[in-house]
Amino acid sequence: MFLLHPLICLLSFRISAEAAYASSNPSECKCQPSQPCWPSFNTWSRLNNTINGALFKVVPPDTSRYLRPLYKKQACEKLKSETGYRNWMHRAKQSPLNFEQTKGCRSNSLPPNGDETDETCTFPLHSPIYAINATNPTQVQAGIKFARKYNIRLVVGNTGHDYFSRSSGAYSLGIWTHYMRDVEFIESFRPKTCSKTKTHSAVTIGAGLIWGDLVRLADSRGKLVVSGADPSVGCIGGFMQGGGHSPITGKYGLAVDQLLEIHIVTPSGQYITANECENPEYFWALRGGGGGTFGIVTSATIKTYPTQPIAMVRQRFDLTSSNTDIWWDWVAYLQYDIPRISEAGIMGYSFILPDETRKAGWASILTMVNGTIEEIANIMQPVSTKLANSKYKEHITYHQENYSFPNYLTYFKTNYFPETPEDNKIMPSRLLDARALTEDPEFFAATLKNMWSPFVSAYLSHILGGNGLAQYKNVDMALNPAWRRTYNHLSKLHDR
Ligand SMILES: Cc1cc2nc3c(=O)[nH]c(=O)nc-3n(C[C@H](O)[C@H](O)[C@H](O)COP(=O)(O)OP(=O)(O)OC[C@H]3O[C@@H](n4cnc5c(N)ncnc54)[C@H](O)[C@@H]3O)c2cc1C
Ligand SMILES: *[C@@H]1O[C@H](CO)[C@@H](O)[C@H](O)[C@H]1NC(C)=O
Ligand SMILES: *[C@@H]1O[C@H](CO)[C@@H](O)[C@H](O)[C@H]1NC(C)=O
Ligand SMILES: *[C@@H]1O[C@H](CO)[C@@H](O)[C@H](O)[C@H]1NC(C)=O
Ligand SMILES: *[C@@H]1O[C@H](CO)[C@@H](O)[C@H](O)[C@H]1NC(C)=O
């Protein structure tokens, strides 16, 4: 179980990388490059020969620019831009070199000599030493067996989106899945070993697929997939294994609810299939147990649905007076209303954003799958009525724009773009059920107000509850069961 994320010995050395390489070697530690246990170049080459030459050395661009004492902030920034560090799409395609997400978070990937005072330019030190650019399960098996045999730290990654850099790791062998790109659409899929289960229209995808690609491919078949909201996120790595929420979770559930069958290489190096009937304990664990935990996923079959029109309303409320108490009351009312609108079929995202005077505005995109603007307007009528006939109207303005998309792809392309990787965000969050949202709006308003600070760049409500989540509530899987009654996954986007 602990094969993929073994902690190498995290000793706090304030000395050079070389000195740390040569440091103590308790037997329980993973092998490090300067130690006698480290495989010779010939041994690595033999591994390379068994995997069609897919092994490569992960070479940092120019070590002199980041190793102290030559470290310079500007040089570091330049290094980051040169290596595509600031662009998710580019970053994922290059190599696991850039899979260092959160600076200074004492993350999984820090080397033992990690200079913890330097929060800006340690990322190349956290990369694997060698990586396998895997395109088939046999290469993954070879990598796992090699790492076991030589006691080498093993990491697996696709896009590097992990917030704790768990797809990277100092002194490791990386299994890089980004080029496992097979895609096969199947109109009525049923696992071979599960003769009694219902068939479903489906797609089998390699571990390297990202949502931007799959949404487009599905559309060309008249299908939609329950994708993430950012085209650069991987489909079946950390996203799916951690739960995976989508703009259309309110109708179709989470990514784990789409899984019909999965293929993995286990920590012992076996390549297995898991579904409801075959290896059900793996099937249970991989639906919510987290990426990089139970094995390396090489491919999976997930549900597809007929593509449908999406109706969308962009709404914006702005505080125009200085009465922030009125504002937070209004926000608490909108939060209170989330279970009602969700049950009626609305889903989307709402941001509470500061304006330039650090007052706040509320901006949402609210959608209905296979719905109309009129349906959304009817469901939202009580909100408009309340605003128009209350004390709030003196302080808050409302603005709305209407959009109708013919299919999921157009909706997706219009609203979602690869975000820019950032070093310094922290994102605490809570899963809020109907009781949390409706029981005590005053307390809710006070809590949001009290947590608001100059470091908060937004509160983000993922409005994703209702039938989509609840319909799978009796399916037993590793997912946190609180998801099934969640209406708002509320996160606070916070600068360090
Ligand atoms: C810009 C951005 C937008 C996001 N949007 C959403 C969103 O809309 N909805 C949502 O639910 N989440 C979202 N997330 C969170 C995202 O789902 C997680 O960060 C997820 O872990 C990313 O998975 P990945 O495979 O793409 O990344 P990676 O960093 O490559 O991997 C993440 C984790 O999964 C493991 N892993 C990767 N591939 C495999 C594999 N084949 N087998 C086993 N383990 C594997 C890695 O070891 C690591 O622990 C977003 C994150 C970012 C950075
Ligand atoms: C692995 O083999 C390929 C093809 O022969 C070669 O290009 C590559 O450099 C080798 N990798 C290593 C780490 O030697
Ligand atoms: C990885 O493999 C893919 C496909 O085989 C290839 O296009 C890509 O250039 C390779 N990348 C590296 C860094 O080896
Ligand atoms: C979308 O709605 C139309 C009309 O209400 C209905 O006929 C159709 O079956 C719906 N499509 C899907 C995929 O649910
Ligand atoms: C959006 O649609 C609603 C409901 O049909 C309508 O009342 C409103 O005028 C529309 N707004 C715009 C800007 O078109």
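Annotation: residue 269 fulfils all but one of (1) under 20 Å from the mean Cα position of the chain (by Cα); (2) more than 8 Å from ligand 1 (Cβ to nearest atom); (3) at positive phi; the unmet one is (1).
Just checking, which of 418, 406 is within 16 Å of ligand 4 (Cβ to nearest atom), out of contact with any Cys (no Cβ under 8 Å at 6 or more places or on another chain) and closer than 30 Å to residue 305 by Cα? Write out each step before concluding.
Details: 418 fails: within 16 Å of ligand 4 (Cβ to nearest atom).
On inspection, the qualifying residue turns out to be 406.
Could you please let me know if residue 396 is out of contact with any Leu (no Cβ under 7 Å at 6 or more places or on another chain) and hydrophobic (A, V, I, L, M, F, W, C)? So residue 396 fails the test. Screening the range 353-379 for residues that are out of contact with any helix residue (DSSP H, G or I) (no Cβ under 6 Å at 6 or more places or on another chain) and of a type in the set (Val, Ile, Thr) and picking the one that is nearest to ligand 4 (Cβ to nearest atom) gives 372. Of all the listed residues (229, 311), the sole one being away from ligand 5 (no atom under 16 Å from the Cβ) and closer than 17 Å to residue 411 by Cβ is 229.
Rundown of residues vs (1) free of Cβ contacts under 8 Å to residues at least 12 places away in the same chain; (2) outside the structural domain of residue 444 (by TED's automatic domain parsing); (3) more than 16 Å from ligand 3 (Cβ to nearest atom); (4) farther than 28 Å from residue 175 by Cβ, yes/no style:
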position	(1), (2), (3), (4)
242	no, yes, yes, no
247	no, yes, yes, yes
320	no, no, yes, yes
330	no, no, yes, yes
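Can you tell me how many residues in the range 278-297 are in a helix (DSSP H, G or I) and crowded, with 19+ Cβ neighbours inside 10 Å?
Step one: list which residues in the range 278-297 are in a helix (DSSP H, G or I), which gives 280-286.
If we keep only those that are crowded, with 19+ Cβ neighbours inside 10 Å as well, we get 282-283, 285-286.
The qualifying residues number 4.
For every residue, the table says whether it meets (1) touching a Ser or Thr at 6+ places or on another chain (Cβ under 6 Å); (2) farther than 30 Å from residue 211 by Cα; (3) in the same structural domain as residue 92 (by TED's automatic domain parsing).
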| site | (1), (2), (3) |
| --- | --- |
| 398 | no, yes, no |
| 410 | no, no, no |
| 416 | no, no, no |
| 427 | yes, no, no |
| 449 | no, yes, no |
| 454 | no, yes, no |
| 469 | no, no, no |
| 472 | no, no, no |
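Taken together, the criteria exclude residue 388 from residues that are surrounded by fewer than 18 Cβ atoms within 10 Å (Cβ to Cβ), within 16 Å of ligand 5 (Cβ to nearest atom), over 17 Å from residue 311 (Cβ atoms) and within 23 Å of the chain's Cα centre (by Cα). Of the residues making up the range 457-484, those that are farther than 25 Å from residue 163 by Cβ, surrounded by 15 or more Cβ atoms within 10 Å (Cβ to Cβ) and without any contact (Cβ under 8 Å) to a residue 60 or more places away in the chain number 1.
Residue-wise test of (1) within 15 Å of ligand 1 (Cβ to nearest atom); (2) aromatic (Phe, Trp, Tyr); (3) within 30 Å of residue 92 (Cβ to Cβ).
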| site | (1), (2), (3) |
| --- | --- |
| 346 | no, no, no |
| 351 | yes, yes, yes |
| 361 | no, no, no |
| 412 | yes, yes, yes |
| 420 | yes, no, yes |
| 429 | yes, no, yes |
| 441 | no, no, no |
| 446 | no, no, no |
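If the condition is being under 14 Å from residue 403 (Cβ atoms) and surrounded by 15 or more Cβ atoms within 10 Å (Cβ to Cβ), then the range 376-385 contributes only 376. Looking at this structure, is residue 368 buried (at least 17 other Cβ atoms within 10 Å of the Cβ), closer than 25 Å to residue 312 by Cα and either touching an Asp or Glu at 6+ places or on another chain (Cβ under 7 Å) or not assigned by TED's automatic domain parsing to the domain that holds residue 470 (or both)? When the stated conditions are applied, residue 368 passes them.
For the range 298-308, check the following and say yes or no: at least one residue is among the hydrophobic types (A, V, I, L, M, F, W, C), in a strand (DSSP E or B) and not assigned by TED's automatic domain parsing to the domain that holds residue 414. Explain how you work it out, then say what you get.
In the first step, residues of the range 298-308 are kept if they are among the hydrophobic types (A, V, I, L, M, F, W, C); the result is 300, 302.
From the residues that got through so far, the ones that are in a strand (DSSP E or B) too are 300, 302.
In the following step, the residues that additionally are not assigned by TED's automatic domain parsing to the domain that holds residue 414 were identified as 300, 302.
Within the range 298-308 (the criterion being among the hydrophobic types (A, V, I, L, M, F, W, C), in a strand (DSSP E or B) and not assigned by TED's automatic domain parsing to the domain that holds residue 414), the answer is yes, since at least one residue qualifies.
Within the range 167-188, one or more residues are touching a helix residue (DSSP H, G or I) at 6+ places or on another chain (Cβ under 7 Å), surrounded by 14 or more Cβ atoms within 10 Å (Cβ to Cβ) and of a type in the set (Phe, Trp, Tyr). No other residue among 448, 409, 431 is within 20 Å of residue 228 (Cα to Cα) and either among the aromatic types (Phe, Trp, Tyr) or in contact with a Phe, Trp or Tyr (Cβ under 7 Å, 6 or more places away or on another chain) (or both) apart from 431.
For residue 314, state whether it is over 24 Å from the mean Cα position of the chain (by Cα) and farther than 20 Å from residue 468 by Cβ. Considered against the rule, which asks whether it is over 24 Å from the mean Cα position of the chain (by Cα) and farther than 20 Å from residue 468 by Cβ, residue 314 comes out as yes. When the range 396-418 is filtered for residues that are touching a strand residue (DSSP E or B) at 6+ places or on another chain (Cβ under 6 Å) and buried (at least 18 other Cβ atoms within 10 Å of the Cβ), the ones remaining, listed by number, are 396, 405, 408, 411.
Does residue 199 satisfy being at negative phi, more than 16 Å from ligand 4 (Cβ to nearest atom) and without any contact (Cβ under 8 Å) to a residue 12 or more places away in the chain? The answer is yes for residue 199.
In a strand (DSSP E or B), under 29 Å from residue 51 (Cα atoms), in contact with a helix residue (DSSP H, G or I) (Cβ under 9 Å, 6 or more places away or on another chain) and modelled with pLDDT of 95 or more - does that describe any residue in the range 214-225? No, there is no match, as no residue in the range 214-225 is in a strand (DSSP E or B), under 29 Å from residue 51 (Cα atoms), in contact with a helix residue (DSSP H, G or I) (Cβ under 9 Å, 6 or more places away or on another chain) and modelled with pLDDT of 95 or more.
The values are calculated or read from the model by the stated rules, or taken from the named source; none is laboratory data. Keep in mind that this is a model prediction, so the values were computed, not measured. In this analysis, Cβ positions are derived from the backbone assuming ideal geometry, glycine residues included, and neighbour counts consider all displayed protein chains.
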